[in-house]
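Working notes, structure below.
Each reported figure results from applying straightforward, stated rules to the coordinates on display, with no laboratory input. Values in this document were obtained by computation on a predicted structure and should not be read as measured data. So basically every Cβ, Gly included, is an ideal-geometry build from the backbone, and we count neighbours across all protein chains shown.
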Amino acid sequence: MLPVLLLTTLCLGQTRPPPPDFKPTPAYELIDLSLEATAREIERVGARPTINSRELFLASAALYDAWSLYDPVARPSHGALPRAPAAERSDLNRQRAMLASLRAVLLDLYPAQRAWLEAETTRRGFDPKRAADQRGLVAGQQLITARHHDGANQLGDERGAASATPYADYTFYAPVNGPTRVLDPDRWQPIPFTLDSGEVVRPGFLTPHWYRVQPYALSRADQFRPGPPPKFGSPQLKAEVDEVMKLNANLTPEQKATVEFMRDGPRSTGQSGHWLRFAQAVSRRDRLSLERDVKLFFSVAAACFDAFIAAWDTKRAYDSSRPWTLVRVLYAGQQVRGWRGPGLGVGEVPAAQWAPYSPASFVTPPFPGYVSGHSTVSGAASRTLERFTGSDRFEDEDARRAGQLTEKGASHAAMQSVDGKKSGADEQACDVVLSLPTFSATAELAGYSRVLGGYHIQADNLAGLILGRAVAERAWERSGALFAGQN
């Protein structure tokens, strides 16, 4: 059952604030630093959810691996390192080692941010002359070395890569369908984006090689690969496309807020970052210790990382269409009801002009539909939080202003118009708080938001949730083994 949507006039864009006496642990504060670095990188080069998940996994692993050197039992995530002597195992030394390890990893991931990162870590107390900082630097460097050639092509030096660009494809992916011609409606088609400048671009499949990235816990990328999606010509596919079209043509303010629930927007950190924010909410709620915070953030980020690898294996295997293409093929030459653009409401549009509830500059994510990445990652992260806390209880909320990311500049009343006529709804109805009672319900809301928005059909969503939960169980098993000092 999906969470209840509540209309309020609360301050928007915020989750439940921390208690007045809440004191964050060093791990909590360093995850904040990692999320800020990721947000800055996304502002610089754009959202790349697969890459961003790897960045945040390595950041959380940098904290955990350095922390493990001061624990009598836990093993690091990559390789082996000598433990600190018992006499040195203070929280202060743990904090110093974690900061140094994170500094090494973030500088490697974000070379364009060197000046800011060096200033930030120095301000927080980094000193390479201290023994704890040196241990942290060694831990971070070991992690970097282990991951430089994990299949992500971070350095742009994979054999077969079309260019030396970091993270470039080296698997020779090419779409079956052209920009304006669909040869196979079951296959993905590059979709046009109209930038704010008016330029039209058609982004290619983002990181089609991601199925070759070395997972954290999975034995292989296709370990839990689901069966195929519904095919063109089947009653199921048509029914699911029709469902998307109906939802698209009848979005309420509450549903518009739901569509934007996991889209983020300014200061985006991607799906992995979004769930790490939820993990921080758990830390605040339960007032976790340093040890618990380190393990929490690492577990969530690791599950998200593997979930993206599994999702991209499925996307690459089936190379499936999105509603944008399917509506055009199923209803070619016909008029359909749909959203007409910011402030224009819904009405009759040619099928060739149907669009998701999304800005023209980012019509739909540039990669195949099946399975939904949002659903897979949300299924994985929510199950991890459930395993970690021992309960599905979340009891958080997410405050939104409906349409603020999609219809920026349009009046609230215009956002609610149908066929060019205002609905008469009070502008206050655009202030929405999404209730998040449980982790599983939050994941289901995140997945359903992608169907509401017109990015995915239900098959993409439901298979993604199942896949993510299976990935989480395997990742949780490995994390538990590491925490217990096992291989």
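Using Cβ point charges alone (K and R +1, D and E -1), the dipole size of the chain about the Cα centre works out to roughly 520 debye. If you take the alpha carbon atoms of the range 12-74 and fit the smallest convex hull around them, that volume is 127 Å³ per residue. Using a cutoff of 8 angstrom between alpha carbon atoms and counting only pairs six or more residues apart, the relative contact order for the chain works out to 23 percent. Taking only alpha carbon atoms, the range 310-393 gives an Rg to Rh ratio of 1.13, where Rh is the Kirkwood radius.
Only helices enter this figure: runs of n ≥ 4 DSSP H residues, each worth -39500 (n - 2.57), summed and divided by the residues of the chain, yield -15000 deg cm²/dmol at 222 nm to the nearest 500.
For the chain, the average shadow cast by the Cα convex hull is 22.7 nm², which is a quarter of the hull's surface. Taking the number of Cβ atoms within 10 Å of each Cβ as an exposure proxy, the fewest-first ranking of 116, 324 is 116, 324.
Put simply, when 85-93, 69-77, 97-105, 137-145 are sorted by average Cβ atoms within 10 angstrom per residue, most first, you get 97-105, 137-145, 69-77, 85-93. Pairs of Cα atoms in the range 82-140 fall into 10 Å distance bins, from 0 up to the last occupied one, in shares of 25, 53, 18, 4 percent. For the range 48-156, the relative contact order comes to 31 percent (Cα pairs under 8 Å, sequence separation of at least 6). Across the range 42-167, Cα-Cα pairs farther apart than 18 Å form 54% of the total. Structural descriptor for the range 324-416: relative contact order 30 percent, calculated from alpha carbon pairs under 8 angstrom and at least 6 residues apart. In this structure, the amide hydrogen of residue 397, modeled 1.01 Å from its nitrogen in the peptide plane, lies closer than 5 angstrom to those of 16, 436, counting only residues at least 5 positions away or on a different chain.
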